[in-house]
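Below is one structure, written out as structure tokens; comments come after it.
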Amino acid sequence: MINIEDFKKIEIVVGEILSAEKVPETDKLLKLSVNLGEPLPRQIVSGISLYFPDCAGLVGKKCMFVANLEPRTIRGLESQGMILAVSTSEGKFSLLAPSDEIPVGTRAK
């Protein structure tokens, strides 16, 4: 269990996926370029490839991201955040997404 003060430290931000490509020689990884409303896009590496065989369909989607994770190197690629998603034991999967009228860079409160 975490307390509310710990939870408040998490920066959840609306981002738009600018590009998505499969990481070579992996089954699960995608490399995303994401606009979080900052001067430069962020690179986020995520293990969601199995749910998106045509990752080009992710381009232009708005999703929710954790923006204040320490960068982590995954398969030689720096990941600068985390995309938020849910899945079930039956294999159902969904990215967490805001409604269309919420602009990129909006922070969860």
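Structure values in brief
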| quantity | calculated |
| --- | --- |
| Candidate set: region 54-85, residues that are over 16 Å from Leu18 (Cβ atoms), without any contact (Cβ under 8 Å) to a residue 40 or more places away in the chain and among the hydrophobic types (A, V, I, L, M, F, W, C); chosen: the one surrounded by the most Cβ atoms within 10 Å (Cβ to Cβ) | Met82 |
| Qualifying residue in region 34-43 (condition: of a type in the set (Gly, Ala, Ser) and either within 23 Å of Phe93 (Cα to Cα) or crowded, with 16+ Cβ neighbours inside 10 Å (or both)) | no |
| Pair list, Cβ < 7 Å and 6+ apart or interchain, from region 18-45 residues that are among the polar types (S, T, N, Q) to residues that are part of a loop (DSSP other than H, G, I, E, B) | Ser19/Val59; Thr26/Arg75; Ser33/Pro41; Asn35/Pro41; Asn35/Val104; Gln43/Gln80 |
| So Lys28, is it part of a loop (DSSP other than H, G, I, E, B), among the basic types (Lys, Arg) and in contact with a helix residue (DSSP H, G or I) (Cβ under 7 Å, 6 or more places away or on another chain) | yes |
| Unique match (being in contact with a Pro (Cβ under 9 Å, 6 or more places away or on another chain) and either outside any helix (DSSP H, G or I) or of a type in the set (Lys, Arg) (or both)) among Val14, Val104 | Val14 |
| Every pair of residues 6+ apart whose Cβ atoms lie under 7 Å, when the first sits in region 89-101 and is within 24 Å of Glu16 (Cβ to Cβ) while the second is hydroxyl-bearing (Ser, Thr, Tyr) | Phe93/Tyr51; Phe93/Ser87 |
| Check on Gln43, under 23 Å from Lys109 (Cβ atoms) and of a type outside the set (Asp, Glu) | no |
| Residue in region 31-52 that is outside any loop (DSSP other than H, G, I, E, B) and more than 14 Å from the chain's Cα centre (by Cα) present | yes |
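Each reported figure results from applying straightforward, stated rules to the coordinates on display, with no laboratory input. Predicted model, so just to flag it, every value in this text is computed and none were measured. For neighbour counting, all protein chains shown are included, and Cβ atoms are generated from backbone atoms with ideal geometry for every residue, glycine included.
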